[in-house]
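Have a look at the structure below, then the notes.
Since every read-out is calculated from the coordinates, none of them should be taken as a lab result. Predicted model only: the values in this text are computed from it and were never measured. A quick note on method: Cβ atoms are made from the backbone with ideal geometry, for glycine too, and the neighbour counts reach across all protein chains shown.
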Amino acid sequence: MNKLIKIAVTDDQVMFRECLVNNIKSFGNMEVMFEAGNGLELLKAMNECGEVKPDIVLMDLNMPEMNGMEATKQLKIAFPDVRVIVLSVHGEEKHVTRMIQQGVNGYIAKNSELSELKNAIETTYHNGFYFNEMVLKTLQSGKLLNKTSLRGFDASSSLTQREKEILGLICEELTTPEIADRLSISLRTVDGHRNNLLVKTGAKNVAGLVVFAFKHKIIDTDL
């Protein structure tokens, strides 16, 4: 039996949150560990849920007491392994930029189809990030990357050819076992290269590596 993906849902709109929880339960391969109405409730629940933490946190942006921006920032400090997908009515470039700065792993609109939500959760769980077409087009246009406020994506040293190769495969959404199989190397070697990429680029996670790849034109994706 496949492991259920553990989800936490954070949104102050009760009706929307309840509908979201019910839909997630209908996916079959996921379970909702807990719900929160704002960032403070989320962090409190995270501290109280023991050793077993959610794999994915679905995060609204506009919430009272502590919004999604601040909640994500604190969550990433306290629980760096938990992956955050922003689920918001805001699709403007400035919101995408600010959330990527905080290290989010995915970003989709609240009016997205349920199939995209399911895909976003599964892709983020298995690959570490999910950027939909809107975000990728923003990255490809260079507008987001030209923001002087976007920190953490300047390489501290040049990447090796193998690191660029692995970065390209990460951007193709290949998992660690798939990369290892494609390149005929061990899982540990792939993990080592990924860690080196994170150190060299200053990225907070694999989503940040994708941003770096677009910025430095390491990959050329036609959308």
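Between ARG162 and MET15, what's the calculated FRET efficiency when r is the beta-carbon distance and R0 is 45 Å? Round to 0.05. Here the calculated transfer efficiency is 0.35.
With a cut-off of at most 12 other beta carbons within 10 Å, and DSSP calling the residue loop, which trypsin sites (Lys or Arg not before Pro) in the stretch 171-217 qualify? Please list them.
LYS217
Couplings for the stretch 16-22, taken from phi via the Karplus curve 6.51 cos²θ - 1.76 cosθ + 1.60 with θ = phi - 60°, read 4, 5, 5, 5, 5, 4, 4 Hz in order; Gly and Pro are left as x. Using the Cβ-Cβ distance between ASN47 and LEU4 with R0 = 25 Å, the FRET efficiency computed as 1/(1 + (r/R0)^6) comes to roughly 0.70.
Taken along the Cα-to-beta-carbon direction at a fixed 7 Å, the label points for PHE79 and ALA109 span 2.9 nm. Straight Cα distances below 18 angstrom link LYS118 to the aspartates and glutamates ASP11, GLU18, GLU31, GLU35, ASP55, ASP60, GLU133, GLU173, with same-chain residues fewer than 8 positions distant left out.
On full extension, the segment bounded by GLU122 and LYS217 gains 31.5 nm, given 0.36 nm per residue less the C-alpha separation. Computed 3J(HN,Hα) for the stretch 26-36, one whole-Hz value per residue from the Karplus formula 6.51 cos²θ - 1.76 cosθ + 1.60 where θ = phi - 60°, is 6, 5, x, 10, 9, 9, 8, 6, 6, 10, 9, glycine and proline marked x.
Sequence-ordered 3J(HN,Hα) estimates for the stretch 40-48 from the Karplus curve with 6.51, -1.76 and 1.60 and θ = phi - 60° stand at 5, 5, 4, 5, 5, 5, 4, 6, 9 Hz, glycine and proline given as x.
Write out the trypsin sites (Lys or Arg not before Pro) in the stretch 3-110 meeting two conditions: DSSP loop, and at most 10 other Cβ atoms within 10 Å of their Cβ.
Qualifying residues, ordered by number: LYS3.
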